[in-house]
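Remarks on the structure that follows.
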Amino acid sequence: MKLNLVLFLLFVFVAFACDDDNSNNTNNINNINNTNNINNINNTNNINNTNNSNCGDGIIQEEEDCEGENFNGYNCEDLGYTGGQLSCNQCTFDLSGCETETCGNGSLDNNEDCDDNNLNNYDCEDFGYLGGTLQCDSNCNFDQSLCFDSEAEIVCGRWLNDRIDMSEGSWTGDTNSCSAGDITSGGRENALKIVNLYRFLADLPEVITDPVKNQKAQECALMMTANSQLSHSPPSSWTCYSADGAQAAGSSNIATTAGVAAVDLYMVDPGNPQTLGHRRWILSNALGPIGLGSTSSYSCMWVFGSSSAGKNWVSYPPEGIFPAGAVSPSWSSIDETGWSLQSDSINLNNAQITITRDGTDDLPVEVNQLLANYGSSYAISIIPQDWITQAGHTYTVQVNNITNPFSYDVQIVDCNSL
């Protein structure tokens, strides 16, 4: 009996001991699970840390703009700026050091007076001058150097300034391959500048060029060069013939010289006593837009246009100040080819002309009726007889035997002596 009781107590103790061990084991499992949970959390954190820690490893990942001083080949200019220093901040481009140069973009920005041809509607008169040409310098400040207080200074300032650069540029084409090419280094721009200079003298509006007409005029110049001759109606058998070039030939002033020099030649217009057509087209109410094409030895100026300047008459030399240098700017002189008067509305067929120098001397002239529709409906030439046009004199031209007679004064000025 006593032995049985001992065995029972021993069993109970062992049983309770097993229960205690199981409980501890359960806790241990829970602890292990908790540890795993912590590890899992840590692992999750490690994944997040891995995503955030790529920046700074020196390697540009897909989602990064840059790494330190490595901008992946980019600079401020690539990102639309004009200069400056690109930086990297947390693997993202820092544009704070990039700069935008606004002067030269044609728009008024910051404290600019002007920008390129944008003068903000100002002119010389706004600065107290009689007139002239207000310009904008390279720093977007007004340049008043061509603003003047006298009519002679205004005209001569423009005449001398516009003729500083008369370079023809270089022709990029080739007759062997019949490539029309183009004119580089401002050749076309200089030719247009001289055209507008003469129109300025005659108080006519400026004209612009048309890209399509430019290209066709370039084809025209190629054809003239390839065949070493001029024609307003080139045959299809011509070397380097093209329909565009032929169309331009029939619509253009054409010359055996490059495009810039050709403008002076057209204005004197030797060899065309029945029309003075080259000059009349440049001074036409209808001129513009024009096309300019040139090689190193031939040129075409597309003159057929659809503008309407609206002047009742245009004379050359024109009324007012006239530079003495324009009397003989090229191979000949207007004293030889003649002064001219043209109109789209005044019938000049029977016009009578007298010219007086300085109000006292009556000068003999020969008046010729010119063929119609070369830049104007009506025109006459007025050729000096035994006298020449000279600086320092004023010539009064009286036009009679028309419906409404009129007169005008031409004052010849030596621009180099002002």
Query raised in the report: What's the percent breakdown of Cα-Cα distances in region 45-137 across 10 Å bins, shortest bin first?
Result: 15, 27, 19, 15, 12, 8, 4, 1
Query raised in the report: Size of the dipole of region 75-181 about the Cα centre, Lys and Arg at +1 and Asp and Glu at -1 on the beta carbon, nothing else charged, in debye to 20?
Result: 280
Query raised in the report: Dipole size in debye (nearest 20) for the chain around its Cα centre, Lys and Arg Cβ +1, Asp and Glu Cβ -1?
Result: 1580
Query raised in the report: Mean residue ellipticity at 222 nm from the helices of the chain, using -39,500 (n - 2.57) per DSSP H segment of n ≥ 4 over the full residue count, to the nearest 500 deg cm²/dmol?
Result: -9500 deg cm²/dmol
Requested in this report: Report, in degrees rounded to the nearest 10, the 0 to 90 angle that the Cα long axis of helix 187-201 makes with the longest principal axis of the chain.
Outcome: 50
**Report entry** Positive-end residue, region 225-344 charge dipole about Cα centroid, Cβ charges, pick of Ala309, Leu283, Met267
**Finding:** Ala309
Query raised in the report: Here are some values of percent of Cα pairs over 36 Å apart: (i) 51; (ii) 23; (iii) 65. Which one was computed from this structure?
Result: (i)
Query raised in the report: Considering only protein heavy atoms, what per residue accessible area in square angstrom results for the chain with a 1.4 angstrom probe?
Result: 53
Query raised in the report: Per 10 Å bin, what is the whole-percent P(r) computed from every C-alpha pair distance within region 194-246?
Result: 24, 34, 27, 14, 1
Query raised in the report: Using +1 on the beta carbon of Lys and Arg, -1 on that of Asp and Glu, and nothing else charged, what's the dipole of region 186-341 about the Cα centre, debye to 20?
Result: 200
Report summary line: With Cα coordinates, the longest principal axis of the chain makes an angle with the long axis of helix 259-268, in degrees rounded to 10, of 20
Query raised in the report: Mean separation of Cα pairs under 8 Å and 6+ residues apart, divided by the residue count of the chain: what relative contact order is that in percent?
Result: 10
Requested in this report: Bin all alpha-carbon pair distances of region 245-392 at 5 Å intervals from 0 and give each bin's fraction as a whole percent.
Outcome: 2, 9, 18, 22, 21, 15, 8, 4, 1, 0, 0
Query raised in the report: Quick one: Karplus J couplings for region 359-365, per residue in order, coefficients 6.51, -1.76, 1.60, θ = phi - 60°, nearest Hz, x for Gly and Pro?
Result: x, 10, 8, 7, 9, x, 9
Query raised in the report: Of the accessible area of region 140-255, with the probe set at 1.4 angstrom, what percent is carbon plus sulfur?
Result: 47
Report summary line: Taking Cα pairs closer than 8 Å and at least 6 residues apart, the relative contact order of region 176-243 in percent is 31
Report task. First select every other residue whose beta carbon is under 13 angstrom from the beta carbon of Pro323; then total the charges, Lys and Arg +1, Asp and Glu -1. Result -> -3
Query - Under the Debye formula (equal points on every Cα, no solvent term), log10 I(q)/I(0) of region 119-172 at q = 0.14, 0.19, 0.23, 0.25 Å⁻¹ - result: -0.44, -0.69, -0.87, -0.96
Query - Linear extension gain, Ser308 paired with Asn404, 0.36 nm per residue minus alpha-carbon span - result: 32.4 nm
Query - Farthest toward positive dipole pole in region 53-145 [+1 Lys/Arg, -1 Asp/Glu at C-beta], among Asn111, Gly131, Cys91 - result: Gly131
Query raised in the report: What order, most packed first, do the peptides 321-330, 252-261, 398-407 have when packing is the mean number of other Cβ atoms within 10 Å of each residue?
Result: 252-261, 321-330, 398-407
Requested in this report: Using only alpha carbon pairs under 8 Å that are at least six residues apart, calculate the relative contact order of region 131-269 and give it in whole percent.
Outcome: 19
Query raised in the report: In the chain, what % of DSSP beta bridges are antiparallel (nearest 5)?
Result: 90
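The values are calculated or read from the model by the stated rules, or taken from the named source; none is laboratory data. Predicted model, so just to flag it, every value in this text is computed and none were measured. Reconstructed Cβ throughout: ideal geometry from the backbone, glycine too, with neighbour counts over all protein chains shown. Ligands, DNA and RNA are excluded from the accessible area calculation, which covers all protein heavy atoms including side chains. Shrake-Rupley method; radii C 1.70, N 1.55, O 1.52, S 1.80 Å.
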